[in-house]
Each structure stands twice: as C-alpha cells, then as structure tokens.
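Here is the structure we will look at.
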Amino acid sequence: MNILMLSDVYFPRVNGVSTSIRTFAEVLTRQGHRATIVAPDYGANSGQVESDAVAPYEVLRLPARVIFFDPEDRLIRASAVGTLLPQLAARHWDVIHIHTPFRAHQLGVRLAKLTGRPTVETYHTYFEEYVGHYLPWLPKTLSRLFARRASRYLCHGVDHLIVPSEQMVKVLDRYGVRTPSTVLPTGIDLTEFVGGDGVRFRRQHDISLTQPILVTVSRLAMEKNIAFLLQVVARLTQEFPSLLFVVAGEGPDAPRLKKLTASLGLHRHVKFFGNLDRRTALLDCYRAGDVFVFASPTETQGLVLTEAMALGVPIVSTAVMGTATVLRDARSARISAQNAEEFAGHVAHLLRTPEDRAAHSAAGRGDAMAWSTDALMHRVVALYAQLGCCDEAAGSGDPVVG
C-alpha cells in the first residue's frame, strides 16, 4: 500500500503532531507499506537534511516562510503547492492522509480531485482553544466562531476523519461536522521507551540523588498551561524546600514562563532544559522524575502521558479532552482538577509515600500497553482498506522504502 501523508508541520519542529506523523510513517513502513511525507522546509541549518536522509520512508520538503506570530512554524508557499501537485498526481497513491488544515489540506484535497483517491484527515488540534492564544486581538466569541466554522468546512472536504479521542468526536459533532469518523489515537512505539537512566541525568546536571524532582515534557506555549504548574510548584516548595521542577521543551511562551518563575521566587526550583534528544537524554529526563506532572486542557492525545507511563514515572495530571481518554482506568496516575491546591496535594502525597509511588511506577508499563502503536496501526490500515484504498488490509506486497 502507498500512503501519502501531508502536513504543515514536521520535524525538526518538535510537537505532538510531528511525533504522531513520524510514528505513523515508521510503523506503516515496518508493516511493509510505503509512506511518503510532504512537509515544510525549515532551512539548511535546521538538521532536517540529516534526519530525512536516515528515515526509512520518503520525505518531500516544500519551500515555506516563517509565520510572524509563531516563528517556530512555517507556512508552505502557495507556488510550491502548485508546482508539486502534478508531480504527485503522476504517482499512484492508495490513500491521501492529511494531518493539518492549512496548505497541506489544500494540496490533499486538490490531489484527491485529480486522482480520485480517498482522503483521510486526522483532527490533531483543538483549534477552538488554541486560536485565542495566537490571535489575542480577536474577540474570544469571534475567534471561537471562526475556529468552529473553519473546522466544519475543512472536515466536510475529506472522506473520513481520524479523531484521537471520544471527547473530540463530541466537539466535532457539536460543530455540526457530519463527515464519518473513527476514534484512533496514534499511541507510541513502546520499543522506543525502555531504559533511560535517571541517575545519569541527575549527575550530569548536578542534581542531588535525594532531591525530589517533578518533570514535565511539553511545548512551551500558553495553551499547555505550564504557568499553572509553576503555581503548583510554588505551593509545594513550602513542604519540600529542595524540590526541583524540570521542564523539557521549547516554544514561544518560554520568556513569559521564565519571568513568571522569577516573580514567584522559584529560580532555585525550576530548570528549563529545552528540547532533548528523544532517543537518549529525554528518556533519562523522564526517569529522573519522582512524579510527571501535566495540566494541558487542549490535548487531543496526550502522548507524553503514555511516554511517562511506559517509563514507569508516576503521574499527576488533569484529565481533559485526550488526556481524559489516556488516563481513564490508569493505575499509574492520580487525576486532579485544575486547582493548584488540589493538584499540589496529589503530588505531595506521592512525594511523601514511597510505597504508593512505587505502585504507580510498577503499573505504568501495563497502562502504556493499551496505547501500543503496532496494535493501533493495524486498525488504521484496516480503515484505509475499508475506504477502498487497496484490495487487502495486510499490505500490497510493495517493497519497503529505505
């Protein structure tokens, strides 16, 4: 089976959508299918050339420009879409899988009209909650109306939707979206989340082996609600004076968060580490934590929660949208309302109670097994086949790319 995946965001841009797309491509390739990713060009010095060269699937980069209100992201140039369209139309695709709603969506819909191939779109992002952060000058009522109408228009332009959680299906139903949908989270490749050395991480960064550590892994953006976690840390330091909050990730909200850290008097209790290598340093970072904390209200999947589970890190988190799905029945997590006192209480209990912390840690791998990509991707391939993409779900016999 030949799958074309189109996105306005991909590595070296680090976020959940990039991770999801790479997971799709890697697992599909491992299962014997061909995958091609079309994504923006982030520039010669971004490291993308090296990563694309070793990928076991094809990556096509399109010229793009920086977005003024979010300089980490890129907007694919319209001229590039027009140039690539006939080249893609000349190739055979079993399915066109769109991952984002901007130029990639336009390219996918136009290509489908030319080739007659079915289109699938994953609704990765809860735009109604995001748009206000990036267009703050627009009244909230108008921004939400715009997000809902745009979502309805885009969703009605494809044949089928993949939605990461039941909660997101309810949101789209409320919007009036009538495109058929299937709930299918991406999950994680459990083989990538083994090992990790928390002691090594602590020693490398001069952190005491007995110092209590909270960890979060997130893009530093307002919608991720890291400011709330800083408020939680401020309360916890009264009981745990040596507490350290480790923040792994980068993003446009970093300057504000660092100022907030200083204003709360937390400069000795918070360290920002930026993006860490997912195969090495990030695993060590997770494992260094006594508790993984998370409070984003806008996640459609909450992949970092499953990563923490897989590595046996006890979790305290709010449960909203996709995180509610991941945390349902999870024995490795304590769920809190978005209330700093309550959240701090859950964390404090785990820090005070080693036996409970150990029980949560031991349960993590089992919780993560429910979100294994290999099992979930078989369902994706079956969906492709059901849409008439190919004759059999197990694969077309095409050789593996790479």
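The values are calculated or read from the model by the stated rules, or taken from the named source; none is laboratory data. Model, not experiment: these values are computed from the prediction. Heads up, the Cβs are rebuilt from the backbone with ideal geometry, glycines too, and the neighbour counts pull from every protein chain shown.
Scanning region 95-116 for residues that are within 23 Å of the chain's Cα centre (by Cα) and among the hydroxyl-bearing types (Ser, Thr, Tyr) yields a single hit, Thr100.
Filtered by the rule that a residue be hydrophobic (A, V, I, L, M, F, W, C) and in a strand (DSSP E or B), region 73-97 gives Leu75, Ile76, Val95, Ile96.
Considering only region 194-207, I want to know if a residue exists there that is assigned by TED's automatic domain parsing to the domain that holds Pro101 and over 25 Å from Ala319 (Cβ atoms). No. Applying the condition of being touching a residue at least 60 places away in the same chain (Cβ under 8 Å) and not in a loop (DSSP other than H, G, I, E, B) to region 153-162 and asking which residue is surrounded by the most Cβ atoms within 10 Å (Cβ to Cβ) yields Ile162.
Yes or no, residue by residue, for (1) touching a Leu at 6+ places or on another chain (Cβ under 8 Å); (2) free of Cβ contacts under 8 Å to residues at least 24 places away in the same chain; (3) under 29 Å from Phe11 (Cα atoms):
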| site | (1), (2), (3) |
| --- | --- |
| Leu209 | no, yes, no |
| Ala227 | yes, no, yes |
| Pro241 | no, yes, no |
| Leu244 | yes, no, no |
| Asp253 | yes, no, yes |
| Val270 | yes, no, yes |
| Asn275 | no, no, yes |
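Give the residue that is surrounded by the most Cβ atoms within 10 Å (Cβ to Cβ), with candidates limited to residues of region 98-111 that are in a loop (DSSP other than H, G, I, E, B) and touching an Asp or Glu at 6+ places or on another chain (Cβ under 6 Å). Result: Thr100.
For every residue, the table says whether it meets (1) basic (Lys, Arg); (2) within 28 Å of Ala248 (Cβ to Cβ).
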position: Val14; (1), (2): no, yes
position: Ser20; (1), (2): no, yes
position: Arg34; (1), (2): yes, no
position: Pro63; (1), (2): no, no
position: Ala78; (1), (2): no, no
position: Leu85; (1), (2): no, no
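Hey, among Leu244, Leu236, Leu257, which residue is in contact with a strand residue (DSSP E or B) (Cβ under 7 Å, 6 or more places away or on another chain), more than 30 Å from Leu184 (Cα to Cα) and crowded, with 20+ Cβ neighbours inside 10 Å? Result: Leu244 is the single residue among Leu244, Leu236, Leu257 that is in contact with a strand residue (DSSP E or B) (Cβ under 7 Å, 6 or more places away or on another chain), more than 30 Å from Leu184 (Cα to Cα) and crowded, with 20+ Cβ neighbours inside 10 Å.
Taken together, Val326, Val316 contain a single residue that is at pLDDT below 95 and crowded, with 24+ Cβ neighbours inside 10 Å, which is Val326. Restricted to region 69-83, and to residues that are more than 14 Å from Gly108 (Cα to Cα), at pLDDT 90 or above and surrounded by 15 or more Cβ atoms within 10 Å (Cβ to Cβ), which residue is nearest to the chain's Cα centre (by Cα)? Top of the filtered list is Asp73.
As for region 48-63, it holds no residue that is farther than 23 Å from Ser20 by Cα, in contact with a helix residue (DSSP H, G or I) (Cβ under 8 Å, 6 or more places away or on another chain) and not in a loop (DSSP other than H, G, I, E, B).
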